[in-house]
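The values are calculated or read from the model by the stated rules, or taken from the named source; none is laboratory data. Keep in mind it's a predicted model, so treat the numbers as computed, not measured. All Cβ positions, glycine included, derive from the backbone under ideal geometry; neighbour counts span all protein chains shown. The accessibility values were calculated without ligands, DNA or RNA, using every heavy atom of the protein model including side chains. Shrake-Rupley method; radii C 1.70, N 1.55, O 1.52, S 1.80 Å.
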Amino acid sequence: MANYVERVIEQCKANNPGEIEFHQTVEEVLTSLAPVVEKHPEYEASALLERLVEPERGITFRVVWVDDAGKVNVNKGYRYEFNSAIGPYKGGLRFAPNVYPGIIKFLGFEQIFKNSLTGLPIGGGKGGSNFDPTGKSDAEVMRFCQAFMTELYRHIGPNTDVPAGDMGVGGREIGYLYGQYKRIVNRFEGVLTGKGLEYGGALGRAEATGYGIVWYAEEMLKANGEELAGKKVAISGFGNVAWGAAKKLTELGATCVTISGPDGYVYDPDGVGTPEKHQCMLDLRASGQNIVAPYADKFPNATFYPGQKPWVADADLYIPCATQNEIQAEDAKSFVERGVKFVCEGSNMSSTNEAIAIMQDGGIIVGPSKAANAGGVAVSCIEMGQNAGHACFTAEQVLDQLHGIMVGIHKACAEASQEYYGKYDLVKGANIAGFLKVAGAMMQQGIV
Ligand code: 2IT
C-alpha cells in the first residue's frame, strides 16, 4: 500500500512538471497518509488519491488592464477548484509576481485539508494572479481587480466557489472585486469573504488568522506542559497574519520581539505590543512598499537588520507569518542547535519538507500551517453563514467560536497522530484528520 502512495506521488510529479511547490505538499501529505491508506484498501480501489491530487477544475484566464500612464498590461489569472466533497470551493486569491500554477495548486491542495480541519462545510480552492501590487496606485489596483473579476465572476457563486484574500489581496481589493461582481450579476450575495463590515463582512475576520495561530500555539505549549505567558516570540512578516498574531500574543502575555519583510527584520526588545506599534504594521502594509525598515525609524529602541530573517533572533517560540518555505534546512538546523522547543507555522507551507524533518528529528514540536492558520478560513465560513442567513454576529460570538475551533483542531491533530503513529506529531496528525473527512465524503459520493 505504501507503493500506492509512492506511485501517486510520482504520477502527480510527472503530470505537473516543474510545479515544485505543488510536488512538495503532495509528497508531504500523501507520505503521512500511508498508514491510513493501508487500513482502507477501498481508497486505492477507487483511485481516491489520484482524484485528490487532480483539481476538479482549473481555470486560467487573461487579465487586461490599463495603468496610470495609459499603458495596456496583461496578467495571468487563475482559479483552481480543487475539491468540493465537503462543501463549496473555498480559499483565497493571491496577487504576487511569483504566482504560477505550482503556487496556486500547492495552496489549493493545502486548503482541502485545512478547510476540513475546521469542521465546517467548505471544500478547497485557490486562485490569484502574477500581478505585483507593489507601488501600484489605488486606481490601478481597482482597474486590475475589476478586470480580474470580469472573467472570474462566471465561475464563482455563494454555493459554488467563494474566494477571499491572501497575499496581496486585503480589504481594499476584496471591496473592488465585490463591487465589480455585484455590478455584473446584479445580486448582493456572499460570494467573497473578508468583506468590509459595512457590506456583509464578519467582525473578527481581519484578526482571525493571526489569533487562530496563537491559540493553536497555546494549545501546543499546554500539551507539552508550558504556557504562552512570559514567552519571547519571534514572528516573520508584517501583513495581516503577522498583525493578528502580534496582537493576540500581547494579549496573552507573550512578547513579540520581531517582524520582517523582504528588506530584512526588525528586533524590538520592548515587544511589538502597543496599539501604536500594531497600527504601524497596518501603515507599513498600506504604504504598498513591502518594507519594514521604517518601523525602526519610528520606534528608536528597535533595530533593523537588513537582508536577514528573524530566525537568528533569540526566542522561545518562532512563528513564521510571511510566505512559503521561509524556514529552510539551515534555519531548522540552527533551531535544533540552539535548543528551540516550539515552531508554529503561520504562513502556508512555511517550512521545506527537509526543514520539518530536521526540526522534528531534533525534538522540536512543529505546528503545521494547515492546522494552525485555519482560523482565517474558519471565520470566512462563519461570514458565509452570516450572509446566507442575512444576519450579523457580534465579535464575541465569532471569536468565541473561533477559539473553540482552534482548540478542536489541535485535539483532532493530536488524536489522529496518536491513533496512526502512536505519538504526538501534529504535522502528520493534521494531514490525517483533514484527509479522513474528505475521503469519507468522497467515498459516499461515488466515482466522480
Ligand atoms: O490561506 C488561507 O486560508 C486564506 N488565504 C484564507 C482563505 C479564506 O477563504 O478565507
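Things to note:
- Projecting label points 7 angstrom from Cα along Cα→Cβ for Ala14 and Asn186 puts them 5.2 nm apart.
- Cβ-derived FRET efficiency at R0 30 Å, Leu282 paired with Ala229, nearest 0.05: 0.75
- Between segment 183-232 and segment 325-378, the C-alpha centres lie 20 angstrom from each other.
- Segment 13-60 - accessible surface per residue (Å², probe 1.4 Å): 44 Å²
- Segment 314-448, accessible area per residue, ligands and nucleic acids excluded (1.4 Å, Å²): 38 Å²
- Lys76/Tyr424 FRET efficiency (R0 30 Å; Cβ-Cβ; nearest 0.05): 0.10
- Once the 1.4 Å probe is applied to the protein heavy atoms, segment 84-174 comes out at 26 Å² accessible per residue.
- Computed from label points 7 Å out along Cα-Cβ, the spacing between Ala69 and Lys222 is 5.5 nm.
- Evaluated over the chain, the Cα radius of gyration and Dmax, each in Å: 20.8, 63
- Taking the accessible area of the chain, probe 1.4 Å, and keeping the other protein chains in place, the carbon and sulfur fraction comes to 52%.
- Computed per residue of the chain from DSSP H runs no shorter than four, each worth -39500 (n - 2.57), the mean residue ellipticity at 222 nm is -15500 deg cm²/dmol.
- Amide H to amide H, with H built 1.01 Å from N, Arg94 comes under 5 Å of Gly127, Gly128, Ser129, counting only residues 5 or more places away or on other chains.
- Spin-label pair Leu197/Ala357, simplified geometry with 7 Å Cα→Cβ offset, distance in nm: 4.8 nm
- Segment 420-448 and segment 52-66 have Cα centres lying 27 Å from one another.
- The mean sequence distance of close C-alpha pairs (under 8 Å, at least 6 residues apart), as a share of the length of the chain, puts its relative contact order at 16 percent.
- Net charge of neighbours whose Cβ lies under 13 Å from the Cβ of Leu249, counting Lys and Arg as +1 and Asp and Glu as -1: -1
- R0 of 51 Å, Cβ-Cβ distance Ala47-Glu337: FRET efficiency to nearest 0.05: 0.70
- Rounded Å value of the spacing that divides the Cα centres of segment 249-292 and segment 142-176: 28 Å
- Net +/- balance of residues flanking Glu326 in space, Cβ distance below 10 Å, scoring K and R +1, D and E -1: -1
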